[in-house]
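Peer 1: Take this structure, written in structure tokens, and hold onto it; I'll ask about it next.
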Amino acid sequence: MPHLSDTDLQQYVLDKTVCPPSVIQHMEVCESCRTAAAGYQWLVGEISRQPAPAFDFDLSGAVLSRLQEQVLLLPEQGEEATSPLSRRRRSIWPVLLPVGLVVIAGCAVGFRGYLAQVFFGIFPLFIYLIFVTAIPFLLLLGVDLYKRYKRQLKILDFN
Amino acid sequence: MDKILIDRVLRGDAGAFEEIIRSTEGLVAQIVFKMVKNIEDRRDVAQDIYVRVYRGLPGFRYQSKLSTWIARISYTTCLNYLEKKRLVLSDTFPEDPGMDREAGQEPETLIFKKQLSGILQAEMDKLPPVYRTVLVLFHQEGLHYEEIVQITGLPEGTLKSYLFRARKALKEKLLLNYKKEEL
């Protein structure tokens, strides 16, 4: 009688409700497989009982003081907040963006005739420039991505 | 709960951020300890993680639990550390005997007669960092596959394969150790 594979044994130990009936039936009659499953059961239990690691220093204190050093100052009493949100509130983008769009739209409408003339006049040259600059750029980007991908794979490949 | 805490941090409440650190540092420690061996580097990496968390909080979109998001930052920070140091390249997965359990092999019962916790810990430390990490996240932290997928970015099939191989390798190593002791 062939014994169960390790895949079946692990599945049985982790969640026997998803095991096929043949596996359950085999476990009922096979002492050897029950012993092997008990080995996995012990292993899983022992891993979960391993002492959890803990930092041997005051992590929150160290982080907060580092944030203060890095001008990400958390507000002291009476001091203006410079947290991420307060920095976000003070961001000029919400004002700058609509103004920029209005200016661009205004220019486009005001100079539409001139812009069309310029655009169609330089169109072939424009296309050529796109090809000349974009293709090498994309190639370099592709090579860089590939190198990065290979490096990541190398890290994850432990065999 | 996450949202309340985050809103407090974004309003500049340092205490709220301290609360976040205290509630998640256990999970972060699991990842950092399993990925980074050097004790001094662990301190730096742990602090880097929370600085990144603080900077990233305004962009947190509540698509996962805060703890999962922080664990994800921890994992990527550790991966970046390993990549920078190129430490992981010297690690190898414990040799797989390349066979399934053979018929009639019954020394497993004897495992229970030995205190193998120490050996187990030592064997776990020999596993590659990613294997160690997913093992403790699943079996010690009790995270579901989906959460570990979110943290590590590994496909679910790959994650399950890593877990399977890690458990099998550990079991075989423990049996091997036991046999040596008996001899």
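Peer 1: Do you know which residues across segment B:49-76 are open to solvent by less than 10 Å² (accessible area, probe 1.4 Å) and more than 16 Å from B:Ile20 (Cβ to Cβ)?
Peer 2: Within segment B:49-76, B:Tyr75 is the sole residue that qualifies.
Peer 1: Looking only at helices (runs of 4 or more DSSP H) that lie completely in segment A:49-119, which have at least 1 residues being modelled with pLDDT under 85 and touching a Pro at 6+ places or on another chain (Cβ under 6 Å)? Walk me through it before giving the result.
Peer 2: Values: elements: A:59-69, A:84-89, A:93-110.
Filter on segment A:49-119 gives A:84-89.
Peer 1: Please pick out the residue among B:Arg22, B:Arg42 that is crowded, with 21+ Cβ neighbours inside 10 Å, facing another protein chain (nearest Cβ under 9 Å), basic (Lys, Arg) and under 15 Å from A:Phe57 (Cβ atoms).
Peer 2: Numbers: B:Arg22 fails: crowded, with 21+ Cβ neighbours inside 10 Å.
After applying the criteria, what remains is B:Arg42.
The values are calculated or read from the model by the stated rules, or taken from the named source; none is laboratory data. Fair warning: this is a prediction, and the values are worked out from it, not measured in the lab. All Cβ positions, glycine included, derive from the backbone under ideal geometry; neighbour counts span all protein chains shown. Only protein heavy atoms, including side chains, enter the accessible area calculation; ligands, DNA and RNA are left aside. Shrake-Rupley method; radii C 1.70, N 1.55, O 1.52, S 1.80 Å.
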